[in-house]
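Written below as structure tokens is the structure these notes are about.
Quick note: the coordinates plus some simple rules give every number you see, no bench work behind them. Predicted, not measured: the structure shown is a model, and the values here were computed from it. We place every Cβ from the backbone using ideal geometry, glycine too, and count neighbours over all the protein chains shown.
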Amino acid sequence: MSSRVSHTTFSCLDAFTLSEWWKTAVGYADIPGDPNEPGDPECAIVDRESGHVLLFLEVDELPPASNRVHLDLVPRDRTRDEEVDRLVAHGAPVVADHRSGDGLGWVVLADPIGNLFCVLRSDAERLATGDPVWPQLVPDIDHGD
């Protein structure tokens, strides 16, 4: 079938400061139960209407501007590894493999012009290990209605 966009990731040097800037710029909010704090190496904010998530991830050194923002994909109907295989067969080269022996992790791939994107574990894989699935958190958001 296909993947869905889980979230859009920003590589940055200060996740909290950048997430606060974008929160104000686009009207997003902290994810319920997961507030962002100064010093957090990962900060996520969510659009209260669509559920789209922006993730701010601290890195030691900023990549070139063309690779500071990327899509993170979650397979809809297969495992992460099956989706990686499908995309590699479709022509996407593996740039970095961050899978671990315990089944966690992700794989970084590139599109035909070099834009990076990641393939994460499927919702079913995350639920099986008790990890949160972000879209399930969205209905808990107070829309202020």
query = How big is the chain in terms of Cα radius of gyration and Dmax, in angstroms?
reply = 15.5, 46
message = Taking 2.2 N^0.38 Å as the expected size of a compact globular protein, what ratio does the Cα radius of gyration of the stretch 36-111 give against it, to two decimals?
response = 1.28
inquiry  = Checking a compactness column here: for the stretch 1-85, what do you get for Rg(Cα) / (2.2 N^0.38 Å), N being the number of residues?
reply    = 1.17
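Working out 0.36 nm times the residue gap between D14 and R99, then minus their Cα-Cα distance, what length gain in nm do you get to one decimal?
28.1 nm
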key: Considering only the chain, percent of DSSP beta bridges that pair antiparallel, nearest 5   = 75 percent
request  = Could I have the simple spin-label model distance between E37 and L71, label points 7 Å from Cα toward Cβ, reported in nm to one decimal?
outcome  = 3.4 nm
query = Nearest-5 percent of antiparallel DSSP beta bridges in the stretch 1-70?
reply = 65 percent
Estimated distance in nm for a label pair at V59 and A89, the labels positioned 7 Å out from Cα along Cα-to-Cβ = 3.0 nm
